[in-house]
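Below is one structure, written out as structure tokens; comments come after it.
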Amino acid sequence: LSGCHDKAVLLYEYVGKRIVDLQHTEVPDAYRGRGIAKHLAKAALDFVVEEDLKAHLTCWYIQKYVKENPLPQYLEHLQP
């Protein structure tokens, strides 16, 4: 994440052919509290659903997002 002080990012890694590990969200201090991490989480989970992937949630924020938004399409794409 070095050098990304002015950008919001979501780190992910494919850990299998159809499994993506959503690892970390980072929002610059100046932009926190504006719902940016929420948009990153939603976009990542929508991508997982659209591409019919399985998601492993390493990122605590995305875990929290799913807990607060337990949509069936998200839940069925989570890796147990």
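The values are calculated or read from the model by the stated rules, or taken from the named source; none is laboratory data. This one's a predicted model, so the numbers in the text were calculated from it and none came from an experiment. Positions of Cβ are generated from backbone atoms using ideal geometry, with glycine treated the same way; all protein chains shown enter the neighbour counts. We work out accessible area using only protein heavy atoms, side chains counted, and drop any ligands, DNA or RNA first. Shrake-Rupley method; radii C 1.70, N 1.55, O 1.52, S 1.80 Å.
When the range 40-80 is filtered for residues that are at pLDDT below 95 and either surrounded by 17 or more Cβ atoms within 10 Å (Cβ to Cβ) or farther than 15 Å from Gln23 by Cα (or both), only Pro80 remains. Checking each residue in the range 17-32 for being open to solvent by less than 50 Å² (accessible area, probe 1.4 Å) and either outside any strand (DSSP E or B) or in contact with a Ser or Thr (Cβ under 9 Å, 6 or more places away or on another chain) (or both) picks out Asp21, Leu22, Val27, Pro28.
Each row is one residue, and each column tells you yes or no for (1) closer than 12 Å to Ala8 by Cα; (2) assigned to a strand (DSSP E or B); (3) of a type in the set (A, V, I, L, M, F, W, C).
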| site | (1), (2), (3) |
| --- | --- |
| Arg34 | yes, no, no |
| Lys42 | no, no, no |
| Phe47 | no, no, yes |
| His56 | no, yes, no |
| Gln63 | no, no, no |
| Val66 | no, no, yes |
| Pro70 | no, no, no |
| Gln73 | no, no, no |
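In the range 53-80, the residues that are touching a residue at least 40 places away in the same chain (Cβ under 8 Å) reach residues that are part of a loop (DSSP other than H, G, I, E, B) and open to solvent by 40 Å² or more (accessible area, probe 1.4 Å) with C-beta atoms within less than 6 angstrom, at least six apart or across chains, in these pairs: His56/Gln79. Of all the criteria given as (1) touching a residue at least 24 places away in the same chain (Cβ under 8 Å); (2) within 17 Å of Leu78 (Cβ to Cβ); (3) surrounded by fewer than 16 Cβ atoms within 10 Å (Cβ to Cβ), the one not satisfied by Tyr12 is (3). Number of residues in the range 21-80 that are touching a strand residue (DSSP E or B) at 6+ places or on another chain (Cβ under 9 Å) and of a type in the set (D, E, K, R): the value is 4.
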